[in-house]
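Below you'll find the structure, written out as structure tokens, and then a few comments.
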Amino acid sequence: MPELSFPRAKWSIAALFCFLGFQYGTWIARLPALKARLDLGAGEVGLLLMACGAGAAVSFPLVAVLMRRLGSRGLSLASAGCLIAVLAALSAVPNFPLALLAVCADGVAVGCLNVAMNAQGAALEKAYDRTAMSQLHATFSAGLLAAALLASGVTTLTGSVPAHFAVAGLLLLLLLGGARPGLLPGREPDPAARDEPKRSVRRALTSGTTLLMGCAMAFGTITEGAMNDWSTLYLKDVVKASASVAPLGIAVVSVMMLLARVCADRWRSRWGDGRVVRTGSAVAAAGLALALLAGGVVPTLLGFACVGLGAAAVTPCVYVAAAERGSDALALVAAMGTTGLLGGPALIGFVAGAASLTLGMAAVAASALIVTVTACWIPWRPRAGVLART
């Protein structure tokens, strides 16, 4: 049995998830101020956002090497430190090219921390034979919320981005300092593995099981990302909801996803990861499809709620399954998930532009259905022996 208590290790790892949500939410919340200070157009803002996603998506080879050399604990701490530095850099960049470079570096560091903290979460479940990953992912959402509240509070006092980011950086340092003693050692760096990084990466790229996991992750994140980006527009333009009701689409999906992730570890302990993913993604697909057929504000919001409920446990469970196959598989699956999150909303936009937004949303339902199908072929970890406790 590990020396650390389960609650101590769990909340230390949860602090990493909260850290990532808080850091990302902090600079995204001040995007309008950065736009005004650097005199950016809408296209340049889009490039900034794309640079962040692209940096995370292409970080796979680097993450695979760093995980072998540093272990999940070392990489968590190193990448978190880089993210604090990026926040400081963003508060002072004088022009668009440097801002683009800083945001790309942010994406790479996000990719590193994303893999490392999920490896920590998977190691926690394995060491204590208890489920926790869904609740860990819920704390990422809590970090986003905390960042939004801080941004709102700071901007009422001062419009200074450096002042805001200084306060946020201090809070991130405190969060990281509190997490550090309770992190699991993870897999120790293997000196022999340094001589064969390309071979190990190649094995991950050619593994059918790993690619199935990556497919489930990619289409799961397409479902999440597209709902966040297109639900309001669908309610407004297709359902003809009022301006005050249309934003409720995002709220319904987000609230249901957060609540489901708080509860999902108990479902995983009772029914197993495979059944939770298959059932959840099927509920998301069926609920959204029925909502599109029925039309109307209430059916649409109920369908969106089904997506939040059903998709909530997909990514936590796939991360656990990928971690079972090693750090390279986890890095590849995470990169494919980031690619889905980045490219999915754009793909839905292409379908909507070529046909209709209703057909674009039908593609989201199809994405959830693809997760259901691929989940049937993934070897899932057996159920944990003890129910997760909050």
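The values are calculated or read from the model by the stated rules, or taken from the named source; none is laboratory data. In this text the structure is predicted, and so the values were computed from the model without any measurement. All Cβ positions, glycine included, derive from the backbone under ideal geometry; neighbour counts span all protein chains shown. Accessible surface areas use protein heavy atoms only, side chains included; no ligands, DNA or RNA. Shrake-Rupley method; radii C 1.70, N 1.55, O 1.52, S 1.80 Å.
Rounded to the nearest whole Hz, the Karplus-based 3J(HN,Hα) values (6.51 cos²θ - 1.76 cosθ + 1.60, θ = phi - 60°) of segment 285-291 follow the sequence 5, 5, x, 5, 4, 5, 5, with x at glycine and proline.
Modelled label positions at ALA88 and VAL167, each set 7 Å beyond Cα in the direction of Cβ, lie 2.0 nm from each other. Accessible surface calculations at 1.4 Å, restricted to protein heavy atoms, place segment 24-147 at 35 Å² per residue. Rounded to the nearest 20 debye, the dipole size of the chain about its Cα centre is 740 debye, using +1 on the Cβ of Lys and Arg and -1 on the Cβ of Asp and Glu. Is the shape of segment 49-168 best called rounded, prolate or oblate, per the rule: a/c under 1.5 gives rounded, else a/b larger than b/c gives prolate, else oblate, with a ≥ b ≥ c the square roots of the Cα gyration tensor eigenvalues? In terms of gyration-tensor shape, oblate. Summing Cβ point charges (Lys, Arg +1; Asp, Glu -1) relative to the Cα centre of segment 1-117 gives a dipole of roughly 280 debye. When the Cα positions of PHE219, THR209, GLY295 are compared along the charge dipole of segment 209-296, THR209 comes out farthest toward the positive end, with charges on each C-beta of Lys, Arg, Asp and Glu. Summarising the label geometry, the points placed 7 Å from Cα in the beta-carbon direction at ASP229 and ALA127 lie 3.7 nm from one another. When the chain is described by a simple charge dipole with +1 on each Lys and Arg Cβ and -1 on each Asp and Glu Cβ, the residue from ALA179, CYS18, GLY353 located farthest towards its positive end is ALA179.
Using the Karplus relation 6.51 cos²θ - 1.76 cosθ + 1.60 with θ = phi - 60°, the per-residue 3J(HN,Hα) values for segment 49-61 come to 5, 5, 5, 5, x, 5, x, 5, 5, 8, 7, 3, x Hz, with x marking Gly and Pro. In the chain, helical runs assigned H by DSSP with n ≥ 4 each contribute -39500 (n - 2.57); averaged across all residues and rounded to the nearest 500, the mean residue ellipticity at 222 nm is -28000 deg cm²/dmol.
Give me the accessible area per residue for segment 288-332, probe 1.4 Å, as a whole number in Å². Kindly include the intermediate steps, with their values, before the conclusion.
Numbers: 1310 Å² over 45 residues.
Accessible area per residue: 29 Å².
Karplus-based coupling profile of segment 319-325, in residue order and whole Hz: 4, 5, 5, 5, 4, 4, 9, with θ = phi - 60° in 6.51 cos²θ - 1.76 cosθ + 1.60 and x standing for Gly or Pro.
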